[in-house]
Amino acid sequence: MQAAITLQSLAPALPEIFMVAAICVVLLADVFAGAAARRITPTLTLVVIALGAALTILHAQVPERVVLFSGMYVADPLGTLLKLLGFLFTGVALLYSRAYLEARNLLKGEYYVLVLTALLGIFVIVSAGSLLTLYIGVELLALSLYALVAFDRDSGIAAESAMKYFVLGAIASGCLLYGMSLVYGMSGSLLLADLAVRLQGEASLGLIMGIVFLVVGVAFKFGAVPFHMWVPDVYQGAPSSVTLFVATAPKIASFALAFRLLAGGLGQVAGTWMQMLSIVAIASLVLGNVVAIAQTSLKRMLAYSAIGNVGFILLGFVAGTEQGYEAALYYTVVYVLMTLGSFGVILLASRAGFEASELDDYKGLHARDPLLALIMMVLMFSTAGIPPFVGFWAKLQIFQALWAVNQMALVVCAAAVSVIGVFYYLRVVKLMYFDAPTEAPRGFAHRGVRFALGLNAFAVLALGLLPESLLSLCAKVLS
Amino acid sequence: MENGNNMLGIGLLSWLVWLPVAGGLLVIALGDARASLARWVALATALVTFVASLPLYGSFDTTTAAFQFVERAAWIPAFSATYHLGVDGISMPLVLLTTFITIPVVIAGWKVIETRPTQYFAAFLIMEGLMVGVFAALDSLLFYFFWEAMLIPMFLIIGIWGGPRRVYATIKFFLYTFLGSVFMLIALIYMYLKAGSYEVTDLHRLPLTLTEQYWIFFAFFAAFAVKIPMFPVHTWLPDAHVEAPTGGSVVLAAIMLKMGGYGFLRFALPIAPDASRELDTFVIALSLIAVVYIGLVALVQSDMKKLIAYSSIAHMGFVTLGVFLAFDIQTATGDLRGAGMGIDGAMVQMISHGLVSGAMFLCVGVMYDRMHSREISDYGGVINRMPIFGAFMVLFAMANAGLPGTSGFVGEFLVILASFKANFWYAFLAATTLVLGAAYTLWLVKRVILGPVANAHVAELTDLDGREFLILAVLAVGVLALGLWPAPLLEVMQPSVQHLVEQIVSSKLPG
């Protein structure tokens, strides 16, 4: 069925091949460089990421869907976009993290290697053409993240949250795998493309059973209610730089997982999972936004905000139309962009011995560090979905997609909940701008990093004023 | 009429939107270290914007109801939303009001604002641009964009420079208005999916069943009734007014409330005319409650700003009353021109209230800057120490009470006259405002301005300085000019109001 494998035909898989090689290089460089590695590895990793992105743009672009390795691997424009975003977001996350890691004596080569393996896991999910590839990607990503969360060995709370994450994650992986085996049993194929053809019409009880487990797995990876328990603990317990990473790039993977599995493989039996997903989405929206109000830790508040935002992303899938997937993709990208910024602020506001993770640490931030406060304000308003920032268009897209399929109840519910959400984002602005400053140390950061963070906030504004480019890009890769 | 594009290929309205925003960013960039320069830049921006807005009136074609100074550019093809600006006789006066009011606001904050002055001026300038955008947007998504974006500077203004309970007030303000607006957004999306466009004129033409119109009307109502604000969703306003710094109160009362009225005229009525007709009694009832009940509430206030805030709500009741009278008049008399009279009155009332309430809040600001109290009981006999100020205050109080010769009279008179055509009892209840308005404002003046000097603090008061005199004088001229000779304003509005009346009396029900 397939021609012999040549170098040329492997080109679409270049990002993954490159990443495997790059991980080995970084690992070896780190080992052999010894003490000098402290300086070499972070830079080398950023170079590797830039190189990977350049290679992806130059050689791995495909005009349309290409299938490799007997259907196990799929390359399409969506995959290319998601991989490029993966490179971008990971690179930015590492850039923000360096000073933080240095100050806490966490700047070790393993950190960077683990981030790169996690990125490879994301790529594998993004390009998965079969249930097995999907599962391998999920595990590769998850195992890297468990290790990262526990990276600060001396921190009890980090170890505890890593343990929780690992145990719950293992159960979720089990669910995913069990669901896959049931679906395989009902359809006789592991390839997502085959599933889309074979699973049509009325779903049998066994299939529904399988889908239930798959949805559980997907919901867990997203951190959606009722499988959200790990999110607040991990966000709060992990070192802030790890939280930054966990909260951003893997969301792309979650989107890809849901898109390839639910919209792709199980697209013809969408009715079954849509119903489950709509309950999960609404529960996430309500719980995330309401519970966030009660938090005193900013990291925990952002964790619940993440749960609420995931509800929005899932609503895009609930719409189940091309427009809905577009909205979900756009929302994911925009959300990750905003989250990068807000955790970036946490990193830059902190310094050795001061984590800047409590809400009260931000009292009067405006007086201590005006630029950081301004950036945080932009990001909070954007995440709350207020124009002229990009977060507004993301919510609008979701509303439009849901209205188009006459899901009025969901639209009204999501809109009402987003008003509740506004409250806790405003509270952060209130703390920074309206309250008297407290005696807290000023964060230390390289000027270049501050500039990058400023650029991040500027992108949030610019994409809000002129949203067309990103909107049409999302539409293009999905059509 | 495509006379929009002039300087540098950018249309006049775009200048009015983006020039203040750019000025505001420049002011922020200057920073508090160069505050005095920043003040002048802010003033210059406000002045230039106002002067630049004058051609809107000068070259306005009063013979047509069509949108003028139109600009149109692709914005978000994915949503078929366009960057579409333009004004007609309804929005043009409001744009001018906006550019005008910003000048006294900037001057009023000149010395008083000591903490973070540059951000203060920048917030007002940016807000000015966004408010012009609200009035000039002809694409409903663009409208919504400006409408929401404007909340951010106001939120910061109340929260940073406000009074002791500012945090409560500003969050209440934000959440209240945001909640209302979200429903409007849902309605806009619904219509977009039906009409395939966010263009206001396309939405005007979109046929809708009565049920759809009801839902859409209520969605708009949630947004505009909160903003204007109508009884019973007015409770955010007294809090916001009391806690806001003087400039914030002025902008709130003078411009932001008008957005609610403007929203009714531009969106709710023409898009859902049949529902508006069915529900007009409901709205009129709420308006009359606002006029009578809120008037009584104003009477018992002990805080000057709160009193003016409640009087604003009562005055805005006149606006909604005037707007929704059109249907009854048309049914009763069949006279379209007469039906427009209520809307004329509402429009004049909005402009007049913009000037008068702005001036009243500035007057309170003048006293507050000296005494640091807004309690009526802390004052008395101010006129003995501040004769010039006292004269201004009395003038604006008269205008607030609707005395003939001031702008306050014209709008109220037109609305009461119109309500006679509709229903005697409407007119009867509306006319109580003449009594109540006179009662609460004159009583305020009596207790604060007149009488013997009340206490040692009042005895130390100094009269207006040149800066304060200037801004109050300019507003006084406006109030008198509009009161003595409202014809230019009415003339400008005429074709647009007439067009609006024709729009809303024709049914949009399909088939």
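Overview of results
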read-out: Degrees separating the helix B:387-401 axis from the principal Cα axis of chain B, which is the longest one; value: 30
read-out: Alpha-carbon centroids, segment A:193-256 and segment A:314-374: separation in whole Å; value: 21
read-out: Unit Cα scatterers, Debye sum, segment B:60-211: log10 I(q)/I(0) for q = 0.08, 0.14 Å⁻¹; value: -0.30, -0.83
read-out: Loop chymotrypsin sites (Phe, Trp or Tyr not before Pro), segment B:325-384, which have at most 12 other Cβ atoms in a 10 Å radius of their Cβ (DSSP); value: none
read-out: Centre separation in Å (Cα based) which lies between segment A:257-303 and segment A:113-188; value: 18
read-out: Mean separation of Cα contacts under 8 Å (6+ apart) over length of chain B, as relative contact order %; value: 16
read-out: Value of [θ]222 nm, deg cm²/dmol, for the protein assembly as shown, DSSP H segments ≥ 4, -39500 (n - 2.57) each, nearest 500; value: -24500 deg cm²/dmol
read-out: Mean shadow area of segment B:177-222, taken as a quarter of the surface of its Cα convex hull (nm²); value: 3.0
read-out: Inter-probe distance in nm under a simple model that places probes 7 Å from Cα toward Cβ, at A:ILE171 and B:ASP32; value: 5.1
read-out: Relative contact order (%) - criterion: Cα under 8 Å, at least six apart; region: chain A; value: 14
read-out: Calculated from backbone phi, Karplus (6.51, -1.76, 1.60) coupling profile of segment A:361-375 in Hz, x at Gly/Pro; value: 5, 9, 4, x, 4, 3, 6, 6, 8, x, 5, 4, 5, 4, 4
read-out: Cα centroid separation - segment B:89-167 against segment B:183-228, whole Å; value: 26
read-out: Largest to smallest principal axis extent of the C-alpha atoms in the protein assembly as shown, angstrom; value: 94, 68, 49
read-out: 1.4 Å probe accessible area per residue over segment A:180-317, in Å²; value: 27
read-out: Within the accessible area of the protein assembly as shown (1.4 Å probe), percent carbon and sulfur; value: 69
read-out: Global form of chain B, assessed from the alpha-carbon gyration tensor, a/c cut-off 1.5; value: oblate
read-out: Phi to ³J(HN,Hα) by Karplus 6.51 cos²θ - 1.76 cosθ + 1.60 over segment B:238-252, Hz, x for Gly, Pro; value: x, 4, 4, 5, 5, 7, 5, x, 3, x, x, 4, 4, 5, 3
read-out: Using a Förster distance of 22 Å, the FRET efficiency for B:LYS194-B:GLU278 (Cβ separation, nearest 0.05); value: 0.60
read-out: With Cα atoms, 0 to 90° folded angle of helix B:304-333 axis to chain B main axis; value: 30
read-out: Straight-distance crosslink candidates among lysines, where the alpha carbon sits under 26 Å from B:LYS421 and sequence neighbours closer than 8 are dropped; value: B:LYS258, B:LYS508
read-out: Eligible lysines near A:LYS476 by straight Cα distance, threshold 30 Å, same-chain separation 8 or greater; value: A:LYS83, A:LYS221, A:LYS251, A:LYS395, B:LYS194
read-out: C-alpha long axis of helix B:151-161 to longest principal axis of chain B, angle in °; value: 10
read-out: Modelled FRET efficiency - R0 41 Å, B:LEU25 with B:TYR57, Cβ distances, 0.05 increments; value: 0.90
read-out: Paramagnetic reach from B:GLU502 (point 7 Å along Cα→Cβ, amide N under 17 Å) across segment B:65-94; value: B:65-68, B:88-90
read-out: Protein heavy-atom accessible area occluded, A/B pair - total, 1.4 Å probe, Å²; value: 3200
read-out: Cα shape, segment A:11-478, gyration tensor, a/c 1.5 rule; value: oblate
read-out: Extension gain (nm, one decimal) between A:GLN275 and A:VAL62, 0.36 nm per residue minus Cα-Cα; value: 73.3 nm
read-out: Proximal aspartates and glutamates relative to B:LYS306, as straight alpha-carbon distance under 13 Å, when same-chain residues fewer than 8 apart are discounted; value: B:ASP239, B:GLU243, B:GLU375
read-out: Residues of chain B: accessible area per residue with a 1.4 Å probe, Å²; value: 31
read-out: Extension gain, B:LEU480 back to B:LYS111 (0.36 nm per residue minus Cα-Cα distance, nm); value: 130.0 nm
read-out: Extension gain from A:ALA409 to A:PHE451, taking 0.36 nm per residue of separation minus the Cα-Cα distance; value: 10.8 nm
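The values are calculated or read from the model by the stated rules, or taken from the named source; none is laboratory data. Since the model is a prediction, treat every value here as computed from it, not as a measurement. Glycine also receives a Cβ, built like all others from the backbone with ideal geometry; neighbour counts cover every protein chain displayed. To get the accessible areas, we keep the full protein, side chains included, count just its heavy atoms, and leave off ligands, DNA and RNA. Shrake-Rupley method; radii C 1.70, N 1.55, O 1.52, S 1.80 Å.
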